[in-house]
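Peer 1: Pasting in a structure now, in C-alpha cells, and then I'll have a few things to ask.
The values are calculated or read from the model by the stated rules, or taken from the named source; none is laboratory data. All values reported here derive from a predicted model rather than from experimental measurement. Here the Cβ is made from the backbone with ideal geometry for all residues, glycine too, and neighbour counts use every protein chain on show.
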Amino acid sequence: MLKEFALEPEAIATWASFKDLIEKFGVSKGRVIATFPRKWQRAVLRAAQEQARDVERARIEDKLRRLEGLALLDRNRPSGDGALPWLDRVLMEHARLPFDGIIVRERQNAHPKVLTTDEVDDDTPLFQATGQKHIRRTADEIIDCVAMLVSCAHTIKLIDPHFNPNAPRWKRPLMRLLKLLQDQRRTDVFIEVHRADNALHGNIRSYFEFVVPRMLPPGVGLSVHIHDEQALHNRFILTERGGASYQTGLDDNEEGRSTSEDLVTLLEPATFEREWRAYPSSDKPFLSYPPGN
C-alpha cells in the first residue's frame, strides 16, 4: 500500500524541481522518500548549493525540515560506499532490500525501476500509488498495510475497542506484527493496545495475561490502555511516522464469521496528529509487559 522511492539529490536541487516533485510524496499519498544515503537531506542541500540561488536554498532547507515524518522514511538502510556514484549505491542497496522506484534527473541506466523526473506522473505505472485500499481481512493484509511504517517505529498504537489477543481473530494479526518485528531484529519497540473499558477488569486482564507474555520477542514490550467505551469507536494502527484507519477492525475474518473485506486509509498529517494525541503514551497503562518479559 505504501511505496518507498529513492530520490537522487541532484534531481531536486532547484526550488522549481523540488516543489514540483516533493508535493507528490507523503504517507497519505501512498509514497515516501527513502533517506538514502543516511545523510540524504545534507546531500540535497549540497546539490542546491551548486544549482540554486540563496533564496531558493533557504526555501529548500526549510521545507526539508518540515518533511521529516511526513514524506521521509528512515529504515536504517546502510549508506554503502560513499566513494561510488549515488545511483550505483542505490542499485546495490536495491539488490539487498528493494525500493519501489528510483528517481533520477537524467537516465544513466536502463534498470526497470529507474524513472527520470520527466517520467514521474500519476499515470506512470511504476509511480502509481494510493492512500486508500480495500483489503481482505487476513492477518497478513491487515499488518502489511502499515509494515513499512512499523519497520522504523519505536511506538506502535493498536486502537480497537474490542481488542482481545486471547481470541484467535485478534491474536493472529498481533502475532503477524510481532513476527515482522522479530524478523527485522527490531528492539526498543513498544506496542500500546488501546481498547474500551467494556468488560470486567479481571476479564480484560485475562485476555492479555494468558497469551501476551509468551508471545513477545526480546526487546518488544506491550501495554494495555482502557478508555471509556463511548469515546472509543474508530480503529487505527498508528506509529510516529503515520498510520492507517480500518473501517471494520484489527481482527481478521479467517474464520468467516464477519465481513471478508475492509477499507484501509492512510491518514492525512493533520488527522494523524489528532489521533496520535488522542491516545497519549503518558497515560498510566492498565497492564504493562516490559521488553524481554
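Peer 1: From the list A244, A231, exactly one residue is more than 24 Å from the chain's Cα centre (by Cα) and of a type outside the set (F, W, Y). Which is it?
Peer 2: On the way: A244 fails: more than 24 Å from the chain's Cα centre (by Cα).
The conditions single out A231.
Peer 1: What's the number of the condition I103 fails, among (1) under 17 Å from I33 (Cα atoms); (2) assigned to a helix (DSSP H, G or I)?
Peer 2: (2)
Peer 1: So, in segment 100-113, exactly how many residues are surrounded by 20 or more Cβ atoms within 10 Å (Cβ to Cβ) and either touching a helix residue (DSSP H, G or I) at 6+ places or on another chain (Cβ under 8 Å) or outside the structural domain of T14 (by TED's automatic domain parsing) (or both)? It would help to see each step written out before you state the result.
Peer 2: First, pick out the residues of segment 100-113 that are surrounded by 20 or more Cβ atoms within 10 Å (Cβ to Cβ): 101-104.
Restricting the remaining residues to those that are either touching a helix residue (DSSP H, G or I) at 6+ places or on another chain (Cβ under 8 Å) or outside the structural domain of T14 (by TED's automatic domain parsing) (or both) gives 102-104.
Qualifying residue count, segment 100-113: 3.
Peer 1: Taking the options R57, R65, R42, name whichever one is modelled with pLDDT under 95, assigned by TED's automatic domain parsing to the domain that holds A11 and surrounded by 14 or more Cβ atoms within 10 Å (Cβ to Cβ). Please lay out each step first, then the result.
Peer 2: On the way: R65 fails: surrounded by 14 or more Cβ atoms within 10 Å (Cβ to Cβ); R42 fails: surrounded by 14 or more Cβ atoms within 10 Å (Cβ to Cβ).
Being modelled with pLDDT under 95, assigned by TED's automatic domain parsing to the domain that holds A11 and surrounded by 14 or more Cβ atoms within 10 Å (Cβ to Cβ) holds for just one of R57, R65, R42, which is R57.
Peer 1: Give me a count of the residues in segment 213-253 that are more than 23 Å from T187 (Cβ to Cβ) and buried (at least 16 other Cβ atoms within 10 Å of the Cβ).
Peer 2: Going through segment 213-253, the residues more than 23 Å from T187 (Cβ to Cβ) turn out to be 226-236, 244-253.
From what is left, the residues that are buried (at least 16 other Cβ atoms within 10 Å of the Cβ) are 226-227, 232, 235-236, 244-246, 248-253.
Of the residues in that region, 14 qualify.
Peer 1: I'm checking my understanding of the structure. Among residues of segment 254-293 that are of a type in the set (D, E) and over 23 Å from the mean Cα position of the chain (by Cα), which one is surrounded by the most Cβ atoms within 10 Å (Cβ to Cβ)?
Peer 2: Just the residues of segment 254-293 that are of a type in the set (D, E), to begin with: 254-255, 261-262, 268, 273, 275, 283.
Keeping just the survivors that are over 23 Å from the mean Cα position of the chain (by Cα) gives 254-255, 283.
Details: E254: 16, E255: 11, D283: 13.
Taking the candidates together, the pick is E254.
Peer 1: Within segment 244-261, work out how many residues are on the phi > 0 side of the Ramachandran plot and not in a loop (DSSP other than H, G, I, E, B).
Peer 2: 0
Peer 1: Going by what's in this entry, would N203 be described as buried (at least 20 other Cβ atoms within 10 Å of the Cβ) and more than 14 Å from the chain's Cα centre (by Cα)?
Peer 2: On the way: buried (at least 20 other Cβ atoms within 10 Å of the Cβ): no; more than 14 Å from the chain's Cα centre (by Cα): yes.
Answer is no for this residue.
Peer 1: Let me ask something additional. Could you list, ordered by first residue, the pairs with Cβ atoms under 6 Å in which the first is in segment 69-92 and over 16 Å from A43 (Cα atoms) and the second is among the β-branched types (V, I, T) and crowded, with 19+ Cβ neighbours inside 10 Å, at least 6 apart or interchain?
Peer 2: Qualifying pairs under 6 Å: A71/V32; A71/I33.
Peer 1: Of all residues in segment 52-92, which are under 14 Å from E8 (Cα atoms) and assigned to a helix (DSSP H, G or I)?
Peer 2: Within segment 52-92, W86, L87, D88, R89, V90, L91 meet the criteria.
Peer 1: A further question follows. Identify, please: which residue in segment 20-51 is of a type in the set (A, V, I, L, M, F, W, C) and not in a helix (DSSP H, G or I) and is, among those, farthest from the chain's Cα centre (by Cα)? Reasoning before the result, please.
Peer 2: First, the residues of segment 20-51 that are of a type in the set (A, V, I, L, M, F, W, C): 21-22, 25, 27, 32-34, 36, 40, 43-45, 47-48.
Restricting the remaining residues to those that are not in a helix (DSSP H, G or I) gives 25, 32-34, 36.
Details: F25: 13, V32: 9, I33: 12, A34: 12, F36: 16 Å.
Here the answer is F36.
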